Amino acid sequence: MPRFSFRAGVFGALSFAKLDSLLLRIEALRGATLVLNLHRVSPEDSPYWPPLHPRIFEDLLRFLTDRARVRGFDEPAGRDRRRPDVVLSFDDGYYDFVEYAMPLLARYSIRVNHNVIPHSVDGGGPPWEAGVTDALAVAPLSLLARIRLPGFVAPELSGGARSKARFGAVLTTFLKLRPRADRLRLMEELSATMVSVDVPKVRMMTREDVREAAREHDIGAHSWHHDSMGFETDAYLREDVRACRAYFQDTLGLPLDTYAFPNGSYRPSQIELLLEEGVRRVLLVGERVTGSTGSVVPRISVTGLSSSEARLVASGLRARSRMA
């Protein structure tokens, strides 16, 4: 049986048993808030970071608005022990947020947080990891087999989409676990090998798109270049948040209240650094529910190849499995 069919069957059975509704009810009784981290909403497919299909996203919005209180970060928390609070938090600034997500959010009157990357907004393309995986997706296996980077142990390329996906996951993780200066040197070597690959262009939100989105939603920063801050110095992070604030104020005409660490990478001391720099809300990943949406907020990553999977993940299934 194909992997997707088995996976969809398992999540379908759990959803049919109403586990998703039960999980939300439990979180409501605990007085918890689920902050859901999303990236792309698009009908396009990817073996690396599959976007939520717009149909699945709308089904998720319908499910959440029926069983939870979906609100923005700055809206007051609810006190209904039958319906937990849910906040939606997007990262990266892909244009498909404007094209697909915003019309659906407007239909359900939902305000969200979206954290953009100034380098990408100003024409720098998608986050560097997406650039790497987009190139790998269209490259032949014979070219991937030629990739040689110092310290990189490549997984076996046995052929097929699954093998490519594993290769891309291992390669991007290898690159993420390095400071920007080291990663750029490695990516120069990678680019030399991949120079013949015609990488498809991914549309990102422009300055005008971000300003327009800010009329309905809360805009935050996702660092300047999408670097893994846990591998950078405090001085580097301080310079980054100051550059983001200046860009928000001078170019976008927006305050910088929220900063989301890229790649889930940070050191605890860096949270305090951001708060000292005047950031009101620091967003992590962590795959945990939270008791409030105060100054430091963990988020739950939402993915889903089916509506059932998306609903269960959004209800805290992954977070609870990590607590077990």
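The values are calculated or read from the model by the stated rules, or taken from the named source; none is laboratory data. Only a predicted model underlies this, so the values are computations on that prediction, with no experimental measurement involved. Methodologically, a virtual Cβ is constructed for each residue, glycine included, from the backbone with ideal geometry; neighbour enumeration extends over all protein chains shown. Please note that ligands, DNA and RNA were not included when accessible areas were found on the heavy atoms of the full protein model with its side chains. Shrake-Rupley method; radii C 1.70, N 1.55, O 1.52, S 1.80 Å.
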Q. Got at least one residue in the range 212-232 being open to solvent by 50 Å² or more (accessible area, probe 1.4 Å) and closer than 26 Å to Gly78 by Cβ?
A. yes
Q: Residues being part of a helix (DSSP H, G or I), over 28 Å from Pro127 (Cα atoms) and open to solvent by less than 60 Å² (accessible area, probe 1.4 Å): count how many of those fall in the range 53-97.
A: 3
(Q) Tell me yes or no: at least one residue of the range 39-55 is modelled with pLDDT of 95 or more, under 27 Å from Asn263 (Cα atoms), among the basic types (Lys, Arg) and in contact with a strand residue (DSSP E or B) (Cβ under 8 Å, 6 or more places away or on another chain). (A) yes
Q) Do we find that Arg299 is buried (at least 22 other Cβ atoms within 10 Å of the Cβ) and within 28 Å of Asp45 (Cβ to Cβ) in this structure? A) yes
Q) Tell me, which residue of the range 240-265 that is without any contact (Cβ under 8 Å) to a residue 24 or more places away in the chain and under 18 Å from Asp209 (Cα atoms) is surrounded by the most Cβ atoms within 10 Å (Cβ to Cβ)? A) Pro255
Q | Residue count, the range 98-131 (criterion: open to solvent by less than 10 Å² (accessible area, probe 1.4 Å), of a type in the set (A, V, I, L, M) and assigned to a helix (DSSP H, G or I)) | A | 2
Q | Qualifying positions in the range 127-172 - acidic (Asp, Glu) and more than 20 Å from the chain's Cα centre (by Cα) | A | Glu156
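Within the range 69-83, can you find the residues that are out of contact with any Pro (no Cβ under 9 Å at 6 or more places or on another chain), under 23 Å from Arg215 (Cβ atoms) and not aliphatic (A, V, I, L, M)? Please lay out each step first, then the result.
Just the residues of the range 69-83 that are out of contact with any Pro (no Cβ under 9 Å at 6 or more places or on another chain), to begin with: 70-77, 79-83.
Adding the requirement that they be under 23 Å from Arg215 (Cβ atoms) leaves 70-76.
If the condition is that a residue be out of contact with any Pro (no Cβ under 9 Å at 6 or more places or on another chain), under 23 Å from Arg215 (Cβ atoms) and not aliphatic (A, V, I, L, M), then Arg71, Gly72, Phe73, Asp74, Glu75, Pro76 are the ones that fit.
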